[in-house]
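S.K.: Quick one: the structure is below, and I'll ask about it shortly.
The values are calculated or read from the model by the stated rules, or taken from the named source; none is laboratory data. Here the structure is a predicted model, which means the values were calculated and not measured. So basically every Cβ, Gly included, is an ideal-geometry build from the backbone, and we count neighbours across all protein chains shown. Remember, those area values only see protein heavy atoms, side chains included, never the ligands or the DNA or RNA. Shrake-Rupley method; radii C 1.70, N 1.55, O 1.52, S 1.80 Å.
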Amino acid sequence: RAKGEGRDCARHFEKGMDQQIRLRQELENSLRSAVENKEFVLHYQPLLSPTTQQVCSFEALLRWQHPQHGIVSPDKFIPMAEESGLIRPIGDWVLSEACQQALAWPKHVRVAVNVSAVQFRGGALPSSVKQALEQTGLPGHRLEIEITESVLLTDSIDALEQLHALRNMGVKIALDDFGTGYSSLSYLRAFPFDKLKMDRSFVKNLHQSDGMALVNTIADLGKCLGMVTTAEGIETEQQLDYVIQQGFTEVQGFLYGRPIPSTSIMETHFAKALATTNLN
Ligand code: C2E
Ligand code: MG
Ligand code: MG
Ligand code: MG
């Protein structure tokens, strides 16, 4: 009997595997056609200086407008896009779309674009960025590239060269999700990042005693290394007060604004500026 059950189990398992492979294949196919049919859209979330309340930049966050499933969030499809290589055409589209849309904003406001480690493979990222800047006419200093430390873990010499090439175009480099990776802190000396973005899990854990200590430490680390320090995931006034008190120079989170379509940016975040220009 036990043997029979084992066989059933194995068959069931195989069936599950088959189905999983089929589902993955389906996702890959629909992701491929999504690139061709331009089913992607960027939403934007503001990053502000907590002292002046001024918007410094907007982070471009990718959404997939799936014909059947509606809006799909990046966590659901970026891993597949990375595995299949589709992240390259998608990433190039994100870069040029973000640069294009940033042209409509006040000139002191930058746009931040997330770039995956896979986009560094082969060394083509600087030319993709250059192309986006040249085609749109956005000055390099208005673009910020957000990377995670995984970029530095895979053939880091090549990645460092590319980061320097980006820097030479005036582009700012931010280290995203800081504190969640597994490498040593020495990579902070390998490349002089412009910005340290503390992962939002730290703000989420502020009610724990060691949570506070970690946030203080990250603020000090960024300050010592001369970087802009960003606290992500600010949802409450208490969290905001705490990170300001610790010296974070930038904040981002639902308290100040959720990611919104580009068409709503001016009225949502620059209503006053719009009103005065209309009066003039
Ligand atoms: P990320 O770069 O760390 O972006 C921040 C994420 O936190 C966003 O999720 C944002 O909506 C969310 N968030 C912001 N403020 C708050 C808050 O106060 N509370 C909470 N609970 N969440 C907040 P989203 O848009 O789902 O993006 C998830 C991740 O997908 C991003 O994390 C980024 O790693 C990746 N991603 C997004 N767009 C792109 C892209 O164009 N290219 C690549 N390669 N990755 C992207
Ligand atoms: Mg980011
Ligand atoms: Mg982040
Ligand atoms: Mg994240």
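S.K.: Quote the relative contact order of the chain in percent (integer), defining contacts as alpha-carbon pairs under 8 Å separated by 6+ residues. Present the calculation step by step, with values, prior to reporting the outcome.
M.R.: Details: 399 pairs, mean separation 46.2, N = 280.
So the answer I get is 16 percent.
S.K.: Leaving ligands and nucleic acids out of the surface, order H269, H141, H164, H66 by accessible area at 1.4 Å, largest first.
M.R.: On the way: H269 45, H141 100, H164 80, H66 25 Å².
The residues order as H141, H164, H269, H66, largest area first.
S.K.: Using alpha-carbon positions, what is the distance between the centroids of region 43-84 and region 98-171, in Å?
M.R.: The distance from the Cα centre of region 43-84 to that of region 98-171 comes to 16 Å.
S.K.: Using a 1.4 Å probe, what is the accessible area per residue for the chain, in Å²?
M.R.: Values: 15220 Å² over 280 residues.
Per residue, the chain has an accessible area of 54 Å².
S.K.: Using only the heavy atoms of the protein chains and a 1.4 Å probe, how would W64, W93 rank by accessible area, largest first?
M.R.: On the way: W64 5, W93 60 Å².
Sorted by accessible area, descending: W93, W64.
S.K.: Report, in cubic angstrom per residue, the convex hull volume of the C-alpha atoms of region 60-153. Walk me through the intermediate numbers first.
M.R.: On the way: hull volume 10.5 nm³, N = 94.
Convex hull of Cα atoms, per residue: 111 Å³.
S.K.: For q = 0.10 Å⁻¹, what log10 I(q)/I(0) does the chain give under the Debye formula with an equal point scatterer on each alpha carbon and no solvent?
M.R.: -0.59
S.K.: Let me ask something else about it. Lysines within cross-link reach of K76: Cα-Cα under 30 Å, excluding same-chain residues under 8 positions apart?
M.R.: K15, K38, K130, K172, K195, K197, K204
S.K.: How long is region 158-280 along each principal axis, judged by its Cα atoms, biggest number first, in Å?
M.R.: Each principal axis gives a Cα extent; for region 158-280 these are 53, 41, 23 Å.
S.K.: When the chain is fully extended, how far beyond the present Cα-Cα distance does M169 get from T52, taking 0.36 nm per residue of separation? Write out the running numbers ahead of the final one.
M.R.: Values: separation 117, 0.36 × 117 = 42.12 nm, distance 2.81 nm.
Working it through step by step, the gained length comes to 39.3 nm.
S.K.: Quick one: which residues, 5+ away or cross-chain, put their amide H under 5 Å from the amide H of C56? H built at 1.01 Å from N.
M.R.: L47, L48, S49
S.K.: Could I ask something else about it? For the chain, give the percent of accessible area contributed by carbon and sulfur heavy atoms, probe 1.4 Å, rounded to a whole number. Can you show the working numbers first?
M.R.: Working: 8050 of 15220 Å².
The C+S portion of the solvent-accessible surface of the chain is 53 percent.
S.K.: Using helices alone, what [θ] at 222 nm do you get for the chain, with -39,500 (n - 2.57) per DSSP H run of 4 or more residues, divided over all residues and rounded to the nearest 500? Each step should come with its number before you reach the end.
M.R.: Working: 12 runs with 139 residues, N = 280.
That comes out to -15500 deg cm²/dmol.
S.K.: Further question on the same structure: Report, in debye and to the nearest 20, how large the dipole of region 118-271 comes out about its Cα centre when Lys and Arg carry +1 and Asp and Glu carry -1 on their Cβ. Spell out each step's value before the answer.
M.R.: Details: 12 positive and 19 negative charges, 57 e Å.
Charge dipole, region 118-271, about its Cα centre: 280 debye, nearest 20.
S.K.: A follow-up question, please. How big is the accessible area of K76 in square angstrom, nearest 10, if you roll a 1.4 angstrom probe over the protein chains?
M.R.: 150 Å²
S.K.: Something else about it: Over the Cα atoms of region 15-54, what radius of gyration and what Dmax do you get, in Å?
M.R.: 19.4, 58
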